[in-house]
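Colleague: Please see the structure below; I have some questions.
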Amino acid sequence: MVDMEERIINIPLRKAKKSPTSKRAARAMKLVREHVANNMDVPKEDVWIDSSTNEEIWSRGIKKPPLKIKVKAIKFEDGIVEVSIPRE
């Protein structure tokens, strides 16, 4: 049986506003990776971000990422964490 841990996490992205305007969306992606790694207790290298999350952050362009985002994080038994937008 596959042992998985699943969580819905609200991630604040306000710190991305401190970056230069041409780097805000990239900084927001780094914030997502760091926040999920801290919450799921894994190293940052083991966090895999789905393209749906990437598209959500970049949807308003590089200069105006959202201030917060809700993601679903699934931790598999090998320690890899997959991050995606929850389907409702």
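Colleague: Could you say whether any residue in the stretch 38-61 is without any contact (Cβ under 8 Å) to a residue 40 or more places away in the chain and at positive phi?
Modeller: yes
Colleague: Next question, about the same structure. Out of the residues in the stretch 38-82 meeting the condition of being over 18 Å from Pro12 (Cα atoms) and assigned to a strand (DSSP E or B), tell me which one is farthest from the chain's Cα centre (by Cα).
Modeller: Lys75
Colleague: Hey, any hits in the stretch 27-37 for a residue that's modelled with pLDDT under 95 and either touching a strand residue (DSSP E or B) at 6+ places or on another chain (Cβ under 6 Å) or not in a helix (DSSP H, G or I) (or both)?
Modeller: no
Colleague: Shifting gears a bit: What do you reckon, is Ser59 of a type outside the set (Asp, Glu) and loosely packed, with under 12 Cβ neighbours inside 10 Å?
Modeller: For Ser59, the condition - of a type outside the set (Asp, Glu) and loosely packed, with under 12 Cβ neighbours inside 10 Å - is met.
Colleague: Could you tell me which of the residues Lys63, Lys68 is among the basic types (Lys, Arg), in contact with a helix residue (DSSP H, G or I) (Cβ under 7 Å, 6 or more places away or on another chain) and at pLDDT 95 or above?
Modeller: Only one candidate passes the filter, namely Lys63.
The values are calculated or read from the model by the stated rules, or taken from the named source; none is laboratory data. Note that the structure is predicted; figures quoted are calculated from it, not measured. Quick reminder, even Gly has a Cβ in these numbers, built from the backbone with ideal geometry, and neighbours come from all protein chains shown.
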